[in-house]
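The values are calculated or read from the model by the stated rules, or taken from the named source; none is laboratory data. Every value quoted in this text rests on a predicted model; they were computed, and no experiment measured them. Backbone-built Cβ (ideal geometry, glycine too); neighbour counts: all protein chains shown.
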Amino acid sequence: MSKIVEIRWHGRGGQGAKTAALLLADAAFNTGMYVQGFPEYGPERMGAPITAYNRISDERINIHSNIYTPNYVVVVDDTLLDSIDVTAGLDEGGAIIINTSKSADEIKPKLKGYGGKVFTIDARAISMETLGRYFPNTPMLGAVVKVSGFMPVEDFVSDMEGSFKHKFASKPQVIEGNMAALKRSVTEVVEL
Amino acid sequence: MSKIIPNDVKWRDISPGGIITDAGNSAEFKTGDWRSERPVWLTDKCKQCLLCYPTCPDTSIVIDEEGKRQDFDYDHCKGCGVCKQVCPFGAIEMKPEGGNN
Amino acid sequence: MRERLSGNEAVAVAMRQINPDVVAAFPITPSTEVPQYFASFVANGKVTTEFVPVESEHSAMSACIGAQAAGARTMTATSSAGLALMWEMLYIASSSRLPVTLAAVNRALSGPININNDHSDTMGARDSGWIQLYGETNQEAYDNFIQAVKIGEHKDIMLPVMDCFDGFITSHAVENIELIDDDKVKAFVGEYKPEFYLNNKKHPIAVGPLDLPIHYFEHKRLQAEAMRNAKKVILDVAAEFEAMTGRKYGLFEEYKMEDAEVAIVVLNSTAGTAKFVVDGLRERGVKAGLIKIRVYRPFPVEEIAAALSKVKAVAILDKADSFNAAGGPVFTDVTSAMYGRADGVKAISYIYGLGGRDVKSTDIELVYERLLSIVESGDIGEIYNYLGVRE
């Protein structure tokens with residue numbers, strides 16, 4: 001693992017990309033690491049493209065700029081591939097993880113010749129089947145932890161259970177669905 | 001610190017933030033020398049009706065413990081003459097300060 | 001206690017630990033979360049504070065002034081236009097010697113309308129008589145807030161204090177932080193025991209009198225003396241804080257300055273990005289250093305000049321323009337400090353990061369490269385510069 005893992009999230013307002021970045025920071029924090037989780041602030045409207053960031057390191061993190069050369073990029077909505085340069089600055093030794101049900105033939109031409117690894121996950125299907133609604137951020141979290149490997153997947157899953165119990169204390173019925181989504185995501189994320 | 005901040009106080013000795021550390025200290029500030037005319041209380045005409053008392057803007061009509069008015073507080077009376085105007089019995093006269101009187 | 005919190009949450013936690021008598025605040029992005037989190041502490045009975053939801057920032061500061069004058073330990077938070085609306089009352093707080101504590105979450109002062117980070121709000125208030133502390137991280141925002149209370153309330157000071165940190169970059173980013181135990185924070189700040197206060201039945205006083213020319217100047221001179229005294233008290237409080245936490249604070253932080261030939265002077269979160277750049281330059285053998293100002297008011301004139309007297313060239317970075325056609329506010333302060341104390345050191349001004357323009361490590365690298373070329377050529381070139389604006 002390089003000294004700092006940098007992750008950039010691309011999503012749309014309302015899809016929970018910012019929350020996912022904060023949850024990922026939480027999970028990494030709980031394994032003893034130094035973390036940053038922050039969104040890029042602008043007009044926050046439902047559907048507008050948004051960017052969020054994570055830095056994760058085993059040493060103190062000083063840098064406080066946005067992330068321009070990420071190790072990993074997470075795309076929470078595949079329609080963004082047409083409007084946002086999601087692979088900009090992306091480390092060829094890293095990976096991009098895309099929420100899509102589309103085939104490799106459809107996705108790859110949209111990545112501007114990115115030569116690193118490309119992973120996909122059908123977070124919509126997982127979310128609809130486990131939660132009954134479209135909340136893509138939980139499956140995307142599972143996928144990025146699995147792909148980046150900065151922490152053991154088992155530790156992450158058990159830690160998230162604690163986070164969900166805390167976060168959804170007032171609606172415990174959604175904890176089970178979120179846990180199921182998480183567990184499916186780590187097995188269903190595939191490399192193209 | 002004296003109750004009134006002297007005009008020649010040095011900065012190290014002045015109260016922080018302009019705090020007035022002794023509340024109600026206006027009695028310490030003598031305004032009697034602002035008078036050009038002086039009210040004189042004519043005890044033989046005064047009926048102790050006390051109409052003068054509440055009109056005085058400087059609380060310079062002294063009332064004793066038995067509720068009877070006494071002579072003026074000339075340390076603070078500015079000589080406005082309102083008391084003379086309200087007196088129904090002509091028991092207050094205004095006389096010029098200083099000069100030959 | 002190891003935690004991960006946003007800067008706003010960290011400051012709200014500090015407020016909870018201090019449990020002030022009064023908090024009066026009005027919401028404005030990006031400082032809104034501070035009173036928002038704190039209001040939940042009030043609602044949940046975690047504190048005994050009287051929370052005053054006011055109708056404007058002018059009222060917020062007015063309520064703080066009234067409460068503090070009454071003898072209450074008082075706090076608030078604001079940003080940008082909120083601080084601007086407090087302006088008149090900022091002066092009343094400092095001149096009345098009322099040690100209100102304010103979390104100033106830095107945001108641009110419009111226009112055009114902008115909600116993002118720069119320092120134009122607190123830089124404008126730099127001469128309002130408030131002590132100003134600036135912090136790089138959520139940790140420093142938290143630590144400075146706790147120290148601010150003890151500094152402001154010191155009997156030789158009795159001045160209000162602003163705890164300034166970057167909007168969004170620090171206020172909304174979740175990062176690691178070490179929290180201090182509640183009881184230790186309470187013991188550290190102690191009780192607020194002013195010598196004079198309105199609610200003292202045994203010794204009634206009056207505050208805020210008309211002050212005529214015969215006395216006004218003496219009052220201002222005394223106020224200026226309190227600011228002069230503050231430098232020592234800030235260091236004393238920092239030493240006490242270090243004894244409690246192991247975290248060291250000074251008037252400014254010197255990063256790799258021992259043998260530095262080129263240096264940057266900067267405030268707040270950009271200092272972290274600049275440290276990252278300095279580390280990279282040092283690996284390449286470049287003698288680069290950094291000074292991060294923590295205490296901007298009072299300004300550490302002699303100390304800054306001494307620290308810079310050893311370098312060959314320095315760039316002073318301002319996240320606010322003075323519109324004085326001469327350089328940013330930190331630049332003019334630093335260079336006037338250097339006059340007669342660090343003559344011969346070449347100093348240039350960069351205005352950067354206005355209205356939330358992100359400051360990349362490559363931006364900072366450009367500044368060091370410029371300094372190196374000044375050292376090499378001996379030619380200072382343009383003194384008043386902009387960093388990261390499209391030319």
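Would a scan of region C:4-22 turn up a residue that is in a strand (DSSP E or B) and either buried (at least 24 other Cβ atoms within 10 Å of the Cβ) or of a type in the set (S, T, N, Q) (or both)?
yes
Among the residues of region C:266-279, how many are over 15 Å from the mean Cα position of the chain (by Cα) and either touching a residue at least 60 places away in the same chain (Cβ under 8 Å) or more than 21 Å from residue C:167 (Cβ to Cβ) (or both)?
Residues in region C:266-279 being over 15 Å from the mean Cα position of the chain (by Cα) and either touching a residue at least 60 places away in the same chain (Cβ under 8 Å) or more than 21 Å from residue C:167 (Cβ to Cβ) (or both): 7 in total.
Would you be able to tell me the number of residues in region C:141-175 that are within 22 Å of residue A:56 (Cβ to Cβ) and touching a Ser or Thr at 6+ places or on another chain (Cβ under 7 Å)?
Counting residues in region C:141-175 that are within 22 Å of residue A:56 (Cβ to Cβ) and touching a Ser or Thr at 6+ places or on another chain (Cβ under 7 Å) gives 9.
Please tell me if residue C:40 is surrounded by 23 or more Cβ atoms within 10 Å (Cβ to Cβ) and not aliphatic (A, V, I, L, M).
Spelling it out, it is not the case that residue C:40 is surrounded by 23 or more Cβ atoms within 10 Å (Cβ to Cβ) and not aliphatic (A, V, I, L, M).
Sort out which residues of region A:42-70 are in contact with a helix residue (DSSP H, G or I) (Cβ under 7 Å, 6 or more places away or on another chain) and modelled with pLDDT of 95 or more, and write them in order of number.
A:52, A:53, A:54, A:56, A:62, A:63, A:64, A:65
For region C:330-365, what are the residues that are more than 13 Å from chain A (Cβ to nearest Cβ), surrounded by 17 or more Cβ atoms within 10 Å (Cβ to Cβ) and part of a helix (DSSP H, G or I)?
C:330, C:331, C:333, C:334, C:335, C:337, C:338, C:354
Out of C:97, C:126, C:107, I need the residue that is in the same structural domain as residue C:32 (by TED's automatic domain parsing), surrounded by fewer than 23 Cβ atoms within 10 Å (Cβ to Cβ) and basic (Lys, Arg). Which one?
C:126
Quick one: would you say residue B:29 is under 30 Å from residue C:195 (Cα atoms) and either surrounded by 12 or more Cβ atoms within 10 Å (Cβ to Cβ) or within 14 Å of chain C (Cβ to nearest Cβ) (or both)?
Yes, satisfied.
Any chance region C:308-318 includes a residue that's buried (at least 16 other Cβ atoms within 10 Å of the Cβ), at negative phi and among the polar types (S, T, N, Q)?
no
Taking region B:7-25 as the region of interest, how many residues are more than 7 Å from chain C (Cβ to nearest Cβ) and touching a Gly at 6+ places or on another chain (Cβ under 9 Å)?
Residues that pass the stated criteria total 0.
Does region C:215-222 contain any residue that is among the hydroxyl-bearing types (Ser, Thr, Tyr) and within 14 Å of chain B (Cβ to nearest Cβ)?
Scanning region C:215-222, I find at least one residue that is among the hydroxyl-bearing types (Ser, Thr, Tyr) and within 14 Å of chain B (Cβ to nearest Cβ), so the answer is yes.
Identify all residues within region C:156-212 that are aromatic (Phe, Trp, Tyr) and either in contact with a Gly (Cβ under 8 Å, 6 or more places away or on another chain) or within 14 Å of chain A (Cβ to nearest Cβ) (or both); write none if there are none.
Listed by number, the residues that qualify are C:165, C:168, C:192, C:197.
Between a first residue in region C:224-244 that is within 14 Å of chain B (Cβ to nearest Cβ) and a second residue that is surrounded by fewer than 20 Cβ atoms within 10 Å (Cβ to Cβ) and among the hydrophobic types (A, V, I, L, M, F, W, C), which pairs have beta carbons less than 8 Å apart while being 6 or more apart in sequence or on different chains?
Hits for this filter: C:225/B:11.
Mind listing just one residue for me: the one in region C:53-73 that is closer than 12 Å to residue C:83 by Cα and either hydrophobic (A, V, I, L, M, F, W, C) or surrounded by fewer than 17 Cβ atoms within 10 Å (Cβ to Cβ) (or both) and, of those, nearest to the chain's Cα centre (by Cα)?
My answer is C:61.
State yes or no: is residue B:78 surrounded by 14 or more Cβ atoms within 10 Å (Cβ to Cβ), assigned to a helix (DSSP H, G or I) and basic (Lys, Arg)?
Taking the combined requirement at face value, the residue does not satisfy it.
Give region C:89-128 a look and list any residue that's in a loop (DSSP other than H, G, I, E, B), touching a residue at least 24 places away in the same chain (Cβ under 8 Å), within 14 Å of another protein chain (Cβ to nearest Cβ) and more than 17 Å from the chain's Cα centre (by Cα), or say none.
Of everything in region C:89-128, those that are in a loop (DSSP other than H, G, I, E, B), touching a residue at least 24 places away in the same chain (Cβ under 8 Å), within 14 Å of another protein chain (Cβ to nearest Cβ) and more than 17 Å from the chain's Cα centre (by Cα) turn out to be C:96, C:97, C:98, C:114, C:115, C:116.
Failed condition for residue C:287, given (1) surrounded by 16 or more Cβ atoms within 10 Å (Cβ to Cβ); (2) away from chain A (no Cβ under 14 Å); (3) out of contact with any Asp or Glu (no Cβ under 6 Å at 6 or more places or on another chain); (4) farther than 30 Å from residue C:227 by Cβ, with all others met?
The number of the failed condition is (3).
Within region C:253-266, which residues are away from chain A (no Cβ under 14 Å) and surrounded by fewer than 23 Cβ atoms within 10 Å (Cβ to Cβ)?
Those that are away from chain A (no Cβ under 14 Å) and surrounded by fewer than 23 Cβ atoms within 10 Å (Cβ to Cβ): C:254, C:257, C:258, C:259, C:261.
Do we find a residue being closer than 19 Å to residue C:207 by Cα and either at pLDDT below 95 or in a loop (DSSP other than H, G, I, E, B) (or both) anywhere in region C:46-66?
Within region C:46-66, not a single residue is closer than 19 Å to residue C:207 by Cα and either at pLDDT below 95 or in a loop (DSSP other than H, G, I, E, B) (or both).
When both residues are 6+ apart or on different chains and their Cβ atoms are under 7 Å apart, which pairs have a first residue that lies in region C:29-43 and is outside the structural domain of residue C:355 (by TED's automatic domain parsing), and a second that is among the charged types (D, E, K, R) and part of a helix (DSSP H, G or I)?
Listed pairs, sorted by first residue: C:33/C:9; C:37/C:9; C:38/C:16; C:41/C:16.
Run residue C:269 past the list (1) in contact with a helix residue (DSSP H, G or I) (Cβ under 8 Å, 6 or more places away or on another chain); (2) crowded, with 16+ Cβ neighbours inside 10 Å; (3) away from chain B (no Cβ under 14 Å) and report the number of the one that doesn't hold.
(1)
Regarding region A:101-112, can at least one residue be identified that is under 26 Å from residue A:174 (Cα atoms) and crowded, with 17+ Cβ neighbours inside 10 Å?
For region A:101-112, residues under 26 Å from residue A:174 (Cα atoms) and crowded, with 17+ Cβ neighbours inside 10 Å: absent.
Of all the residues that make up region C:129-153, how many are touching a Lys or Arg at 6+ places or on another chain (Cβ under 9 Å) and part of a loop (DSSP other than H, G, I, E, B)?
Looking only at that region, the number is 4.
Scan region A:103-120 and give yes if some residue there is touching a Gly at 6+ places or on another chain (Cβ under 6 Å), free of Cβ contacts under 8 Å to residues at least 40 places away in the same chain and within 14 Å of chain C (Cβ to nearest Cβ), otherwise no.
No; the residues of region A:103-120 include none that is touching a Gly at 6+ places or on another chain (Cβ under 6 Å), free of Cβ contacts under 8 Å to residues at least 40 places away in the same chain and within 14 Å of chain C (Cβ to nearest Cβ).
Please enumerate the residues belonging to region A:9-48 that are in contact with a Lys or Arg (Cβ under 6 Å, 6 or more places away or on another chain) and more than 9 Å from chain C (Cβ to nearest Cβ).
A:13, A:47
To keep it simple, each residue is scored yes or no on (1) surrounded by 15 or more Cβ atoms within 10 Å (Cβ to Cβ); (2) in contact with a Pro (Cβ under 7 Å, 6 or more places away or on another chain); (3) closer than 29 Å to residue A:34 by Cβ; (4) not assigned by TED's automatic domain parsing to the domain that holds residue C:125.
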{"position": "C:171", "(1), (2), (3), (4)": "yes, yes, yes, no"}
{"position": "C:178", "(1), (2), (3), (4)": "no, no, yes, no"}
{"position": "C:182", "(1), (2), (3), (4)": "yes, no, yes, no"}
{"position": "C:185", "(1), (2), (3), (4)": "yes, no, yes, no"}
{"position": "C:189", "(1), (2), (3), (4)": "yes, no, yes, no"}
{"position": "C:202", "(1), (2), (3), (4)": "no, no, no, no"}
{"position": "C:212", "(1), (2), (3), (4)": "no, no, no, no"}
{"position": "C:215", "(1), (2), (3), (4)": "yes, no, no, no"}
